[in-house]
1. Any idea what angle helix 198-211 forms with the longest principal axis of the chain, computed on alpha-carbon atoms, 0 to 90 degrees, nearest 10?
2. With axes computed from alpha carbons, what is the tilt in degrees of helix 90-102 against the longest principal axis of the chain, rounded to the nearest 10 within 0 to 90?
3. So what does the Cα-only Debye profile of the chain read at q = 0.11 Å⁻¹, as log10 I(q)/I(0), no solvent term?
4. Would you kindly state how much longer the chain becomes between residue 146 and residue 227 on full extension, computed as 0.36 nm times their sequence separation minus their alpha carbon distance, in nm to one decimal?
5. Counting pairwise Cα distances across segment 67-149, what percent come out greater than 15 angstrom?
6. If you take every DSSP beta bridge whose two residues both sit in the chain, what share of them, in percent to the nearest 5, is antiparallel?
7. On a full-extension model of 0.36 nm per residue, what is the gain between residue 153 and residue 78, subtracting their alpha-carbon distance, rounded to one decimal in nm?
8. For residue 14, which sequence-distant residues (separation of 5 or more, or a different chain) have an amide H within less than 5 Å of its own amide H, given hydrogens modelled in the peptide plane?
Amino acid sequence: MKTFPAVIKWSGSKRTVAAQLAEKFIAADTYFEPFVGGGAMMPYAKAAKGYASDIIPELIDLWNNIKTHPDIVAQEYKLRWLDLQQNGANVYYKIRDNFNATRNCFDFLFLTRTCVNGMIRYNEKGDFNNSFHLSRPGINPDTLQDIIYQWSKLLQKIEFLNVDYRECLSQVKAGDFVFLDPPYGGTKSRYTQTEFVLDDFYKELDRLNSIGAKWMLTFDGTAGSRTYSYAPPADVYIQHYFVNTGNSAFSRLMDNKKDVIQESVYLNFESVQAQLNLF
């Protein structure tokens, strides 16, 4: 199955295992992805139309611009990248300050491409606070331009929404397919300060079951010797297996470790392929 280079660099992205996960995707009337982040799974949607949402306004603004104005996105990145090459790390912090004041989506793209490990991290005030990656100057703008145009074509069937996941999922009907990659327990403060309530999320899974929608959830698992167990109630899902998603960027940045991540995948439908990996 074809793989797609990342257009938005996003810590926690499923890009490295996207093709593997997509083998279990099923054909649907409409595709939904209510925690879109870096959007690695969108190209694999087996539906004529789709909805993708996130609560981060600048992220959705960026996705909409990649979809409708790829030329502007590519040019805005190039201008910032050239400034960085000519004038050094201070450019990064100037752009970061401007982003925190304006939430400019083109600043946001530049920051995701030049910050440490591509980690989207906000402090308690809601300001982006990751540092400049001194050893990486950011992807070459000509290379990124090609990727942006590729993604722009892929996104024409997707509508982007800056809403809470529950509002996005309120549109789901029987015959639709949902890919869910929510915040993980113990890491929300490294993304945003927005609270993610597990009980509310599990109720939403149960509601999706009741209306006849199909879903895939990537959620808890292990990171090195640590276990993150936030499994949904057993009566909500039908199958459960693990995928190896590589090393944790959180561990590299926060703890100077390289923890291997084994992530759980839950399905509310039977999948022959998934049975090969069942625990």
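1. 60
2. Roughly 60 degrees between the two axes.
3. Taking Cα atoms of the chain as identical point scatterers yields -0.63.
4. This chain segment gains 25.2 nm when fully extended.
5. Here the tail beyond 15 Å accounts for 54 percent of pairs.
6. About 60 percent, rounded to the nearest 5.
7. Details: separation 75, 0.36 × 75 = 27.00 nm, distance 2.04 nm.
Value of the extension gain: 25.0 nm.
8. 40
Coordinate-derived values only; no laboratory data. Everything numeric here is computed off the predicted structure, so don't read it as measured data. Using ideal geometry, Cβ is built from the backbone for each residue, glycine included, and neighbour counts are taken over all protein chains shown.
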